[in-house]
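Input: a single structure, listed below in structure tokens.
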């Protein structure tokens, strides 16, 4: 695989996540400004339905990708997402916006196929670095997306945000088309000799359950964080709120740098998922404190643990999988991740409406404690397939280990 192809796929991932990040931290303000809806539960339900749309659609896209080349598929799905996003700018009623935007997210979710596509074109020993890069790219895009989203909502209004999101979809389409026309794309589908579909192993299912609990806890604090920051600081500045929301992205960059330095010095980064979960839990609790310095400290601890946890868990998906099953196994794991986000969004809306924002941090911390307790059950291979893959991963002269994102 050429560096141009690799960098193009990473760039498409960045574009996809950037267009998602423009509004993700500002849906309460978006619905209040555009449709006069002030209900926290409505915001939670909408974010939950986004997750539901991705949960349902992505496994279907993974099935299609077994027969259709990934980049060919993405040209059409991202074009459709952009068109639907532009159509939603004309939605005068709330139900129309819901229908168009959910159809948009169904099409948009196909971009997740780029992760297994990229990793299938690399040797296993390259996976950890690639997944770490993808994770940091997503987090850094979160910084700029949240900041730009706040500025767009403040300056251009809700319509400007939607147009910006559509532009990201069309740019992804253009990059895919360029890779195909310039013959830089690599074919990965072989319909003449395609191996039979393999059901996910019990190890993948256990890991998926662990990721559900992890993501539920991580995303429970997301939908209403910017409002919590504005209440605590007494400032209505949405750009500042977006930057505070994106503090974990800076911690992800720090984590990537430290992991890269360790590998460059011939060391593997420490596998400290349990200790990171406890650190992240403490960070979640600190964010509930009525103090800006403590909140920022908690945000930093949470961001560090979130990055390390994502890398460990998503790397484990591919470590327990095989190249021909990367897309379908990743789709299963992603289904459970999005189920966690969906449940978190619904729970957050109810918790905030009934008990206030600080309680969501305490519940999220408890969730990461449960995640830590589940780790020995979920991360220890018990079935022959998982053990065989784990042995092959550690003994083969080429393959080694692989990492993760979010």
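Computed from the coordinates by the stated procedures, all read-outs in this text should not be read as laboratory data. As the structure is a computational prediction, the values presented were derived from the model and not from experiment. As a convention, Cβ positions derive from the backbone with ideal geometry for all residues, glycine included, and neighbour counts pool all protein chains shown.
Distance between Cα centroids, the range 287-341 to the range 82-120: provide it in whole Å. If we compute the Cα centre of each part, the gap is 23 Å. Hey, how much of the P(r) for the range 204-344 falls beyond 22 Å, as a percent of Cα pairs? Of the Cα pairs, 46 percent sit more than 22 Å apart. Subtracting the Cα-Cα distance of residue 355 and residue 189 from their residue separation scaled by 0.36 nm leaves 54.7 nm. Just to verify a number: FRET efficiency for residue 177 and residue 122, C-beta to C-beta distance, R0 = 25 Å, to 0.05? Step by step, r from the Cβ atoms, then E = 0.60.
Can you figure out the FRET efficiency of residue 291 with residue 260, using R₀ = 45 Å and their beta-carbon distance, to the nearest 0.05?
Given R0 = 45 Å and the Cβ-Cβ separation, E is 0.85.
The value of relative contact order for the chain, using C-alpha pairs under 8 Å at least six residues apart, is 29 percent. Here the range 1-114 is treated as an ellipsoid with the same Cα gyration tensor; its semi-axes, largest first and in whole Å, are 29, 15, 13.
Using C-alpha pairs under 8 Å with a sequence gap of at least 6, the mean separation divided by the residue count of the range 202-316 gives a relative contact order of 28 percent.
Within the chain, the percentage of alpha carbon pairs spaced more than 35 angstrom apart rounds to 23%. Across the range 283-326, Cα pairs under 8 Å and at least six residues apart give a relative contact order of 27 percent.
Stretched out straight at 0.36 nm per residue, the stretch from residue 375 to residue 6 would grow longer than its current Cα-Cα span by 129.6 nm. Averaged over residues, the count of other Cβ atoms within 10 Å places the peptides 41-48, 336-343 in the sequence 336-343, 41-48, highest first.
Run the numbers for residue 64 and residue 233: contour at 0.36 nm per residue of separation, minus the present Cα-Cα distance, in nm.
Full extension of this stretch gives 56.0 nm more.
Residues 352, 9, arranged from fewest to most other Cβ atoms within 10 angstrom of their Cβ, appear as 352, 9. Helix content alone sets the calculated 222 nm mean residue ellipticity of the chain: runs of n ≥ 4 DSSP H residues at -39500 (n - 2.57) each, divided across all residues, give -26000 deg cm²/dmol. Take the Cβ atoms of residue 92 and residue 282, set R0 to 45 Å, and the FRET efficiency comes out at 0.45. Taking springs between alpha-carbon atoms closer than 10 angstrom, which of 299, 187, 264 fluctuates most in the Gaussian network model of the chain? Most flexible of the set in this elastic network: 264.
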